[in-house]
Structures are given as C-alpha cells and as structure tokens.
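*Asks:* Could you have a look at this structure, given as structure tokens, before my questions?
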C-alpha cells in the first residue's frame, strides 16, 4: 500500500512552478529596463557628467552639488525647477477639473440602469478615440487651428469679432488654457472607462434598495456611488497627477520647445530634456528625476490620504 501511494505521488504533477515560470519574463524585463535604470539615475545624480562641445567632462563625484544647484535661485530670485513644476501642476489642474467632472457624469449616465441609454457603445468609442491619437499629432492639429492663419482666427475676423488675427500663442493665459484643454480632451474618455468599471463593481442591490426607499439620483450618487467609488477615484486622480507632472509632448509641440511666452508653458520634463538632450548632462538630469520622484511620491501620498479617509471611516 505504501509503495502504491509513493508511486502515485511521483506521477502527480505540480502546477505551482508554472506560475513562477510564466511571470519570470515580467520580472526580468522590469529589473533590466526599469529597476536598474532607476538605480543608475540616483547614482548619476551625485556626479558631474556632461558634454561641453566635443569635450566630455566627468564623471566626477560632486555629492549633493547638483541638488543644491537645482534649488539655488537665479539672479532674479527664481528657482527654475520650482517655477516649471508650478507650470506643470497649474496646467494639469486646469485640465483635470473638467476631466473628472465630465468623466464622473458620463460614467454615472452610462451605468445607470434607470436611464438605460441607447447607443452607449458608439458613445464610448467616440470619447475614447482622442486617447488613441498621438499627442504630438494632436498638438500639431490644435496649433494649426489656433495659429495666426488658422481657421479659428479667420472665422473670428470674418465674423467681425476681431479686426486682426489674435496671437493665441503669444500670451500666457491662452497658451496654458489650450494645453489644459488638450489634456482634458485626450484623457476624459480614459477616465470615464475607469470610473465606469468602478461603478459596475459596486453591489447593485445597494442601488435597488435606495430606489425602493425613494432616494433620488442626487442622494444615490453622493451617499452610495461616490463613497464606494473613492478607491478607484483615488487611483485615477493619482495616475492623472503623475501624468500631469510628467507633461511634455503637448507643451513641447505647442511652444516649439521654447515654453513661450516667457517660459510660462515650460514643464519640468522639458527642463529635463534640455539637460539630457543638448548637453548630455546626466548629473543634473538624474537630480531632476530624483526630485520629481520624491515630489510625486509626497503628492501622491497626500492625495491618497485625503481621499482614503472618505471611505475608511
């Protein structure tokens, strides 16, 4: 009997190892292409390592000098890193407010069993399509629309609202508004899909009980939907904030890489690109990346804690 049991045990197949085999490629690629570069970025931030014309300077260990230089005010008393970070956050906030408001509204409408809207598939496809377009191509399209010889200026002049074309890209407010509007158009569809998934994960019996109790749509949204949606909403808001801090392609194309007017549309990643692309300054680039990582972590934790207490109580 013991021999038969041992024989059966030897013939049995253990499938546990296959799970580790299947996830091994992910960990290998993550270590090679994400984790190691992250450590090298931190390492390089403590070195002076840049190209001056054809001459390579460094790498020379300089300690925290790159960080000190990054946070040192210029002759006008301005810290460029903080200024460009403020530009990034301000343009993200202006675009994120309508993005989440519209996404919440659409997510509630599309998932409402009471309304049961028709043609939802087509509507979802349309609102998600801008997210599939390359940001650079979309930026070129918008730049052409608002240029001095673009159709919008021609329409305004032809209708008599303006005597001459308005230079949208010569002033701070219209440039930031256009960039924020583009981010809103590109991402509200994706946010809608994410929030829809969160609402569909809520127990439907809660909505049925609320309807039986005579609760209206406003009470259902604020007392049931929104509190239970907070975990997904926190995720969407944090990922959106990370994307806003890393904003690059839209302002790069809109301002032709110059951050016009007067560097008011320059973002931190544009600053990073100037160090990395022109002078190959790996030390300052690493310091900027590390500072961005720390600031993103702090802001992400603040947003999470602010929203998490809404559904932990």
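The values are calculated or read from the model by the stated rules, or taken from the named source; none is laboratory data. Since we're looking at a predicted model, the values are computed, not measured. A quick note on method: Cβ atoms are made from the backbone with ideal geometry, for glycine too, and the neighbour counts reach across all protein chains shown.
*Asks:* Only one of these conditions is not met by residue 228: (1) within 28 Å of residue 139 (Cβ to Cβ); (2) in contact (Cβ under 8 Å) with a residue 24 or more places away in the chain. Which number is it?
*Replies:* Failed condition: (1).
*Asks:* Let me ask you something else. Hey, could you check the stretch 113-124 for residues that are in contact with a helix residue (DSSP H, G or I) (Cβ under 9 Å, 6 or more places away or on another chain) and without any contact (Cβ under 8 Å) to a residue 40 or more places away in the chain and say which is nearest to residue 220 (Cα to Cα)?
*Replies:* Taking the stretch 113-124 first, the residues in contact with a helix residue (DSSP H, G or I) (Cβ under 9 Å, 6 or more places away or on another chain) are 113-115, 117, 120, 123-124.
Checking the rest, the ones that are also without any contact (Cβ under 8 Å) to a residue 40 or more places away in the chain come to 115, 117, 120, 123.
Details: 115: 14, 117: 18, 120: 22, 123: 24 Å.
Looking at residues that are in contact with a helix residue (DSSP H, G or I) (Cβ under 9 Å, 6 or more places away or on another chain) and without any contact (Cβ under 8 Å) to a residue 40 or more places away in the chain, I get 115.
*Asks:* Additional query: Consider residue 130 carefully, then state whether it is modelled with pLDDT under 90, surrounded by 12 or more Cβ atoms within 10 Å (Cβ to Cβ) and either assigned to a helix (DSSP H, G or I) or touching a helix residue (DSSP H, G or I) at 6+ places or on another chain (Cβ under 8 Å) (or both).
*Replies:* Numbers: modelled with pLDDT under 90: yes; surrounded by 12 or more Cβ atoms within 10 Å (Cβ to Cβ): yes; either assigned to a helix (DSSP H, G or I) or touching a helix residue (DSSP H, G or I) at 6+ places or on another chain (Cβ under 8 Å) (or both): yes.
Considered against the rule, which asks whether it is modelled with pLDDT under 90, surrounded by 12 or more Cβ atoms within 10 Å (Cβ to Cβ) and either assigned to a helix (DSSP H, G or I) or touching a helix residue (DSSP H, G or I) at 6+ places or on another chain (Cβ under 8 Å) (or both), residue 130 comes out as yes.
*Asks:* Going by the conditions given, is residue 127 in contact (Cβ under 8 Å) with a residue 12 or more places away in the chain and either at positive phi or over 17 Å from the mean Cα position of the chain (by Cα) (or both)? Give the steps one after another, and end with the answer.
*Replies:* On the way: in contact (Cβ under 8 Å) with a residue 12 or more places away in the chain: yes; either at positive phi or over 17 Å from the mean Cα position of the chain (by Cα) (or both): yes.
Yes: the conditions hold for residue 127.
Per-residue answers, yes or no, for (1) assigned to a helix (DSSP H, G or I); (2) within 30 Å of the chain's Cα centre (by Cα); (3) within 21 Å of residue 255 (Cβ to Cβ):
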site: 115; (1), (2), (3): no, no, no
site: 123; (1), (2), (3): yes, yes, no
site: 145; (1), (2), (3): yes, yes, yes
site: 153; (1), (2), (3): yes, no, yes
site: 163; (1), (2), (3): no, no, no
site: 169; (1), (2), (3): yes, yes, yes
site: 183; (1), (2), (3): yes, yes, yes
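*Asks:* List every residue pair whose Cβ atoms sit under 6 Å apart, with the two residues 6 or more apart in sequence or on different chains, where the first one lies in the stretch 160-187 and is loosely packed, with under 15 Cβ neighbours inside 10 Å and the second, anywhere, is in a helix (DSSP H, G or I).
*Replies:* 162/156
*Asks:* Could you tell me whether residue 286 is under 27 Å from residue 49 (Cα atoms) and at pLDDT below 90? Let's see the steps before the verdict.
*Replies:* On the way: under 27 Å from residue 49 (Cα atoms): yes; at pLDDT below 90: no.
No; evaluated as a whole, the condition is false for this residue.
*Asks:* Search the stretch 92-110 for residues that are closer than 19 Å to residue 266 by Cβ and pair each with any residue that is part of a helix (DSSP H, G or I) when their beta-carbon atoms are under 6 Å apart and the residues are at least 6 apart or on different chains.
*Replies:* 92/244; 94/180; 95/180; 95/183; 95/184
*Asks:* Residue 261 passes all but one of (1) over 21 Å from residue 95 (Cα atoms); (2) modelled with pLDDT under 90; which number fails?
*Replies:* (1)
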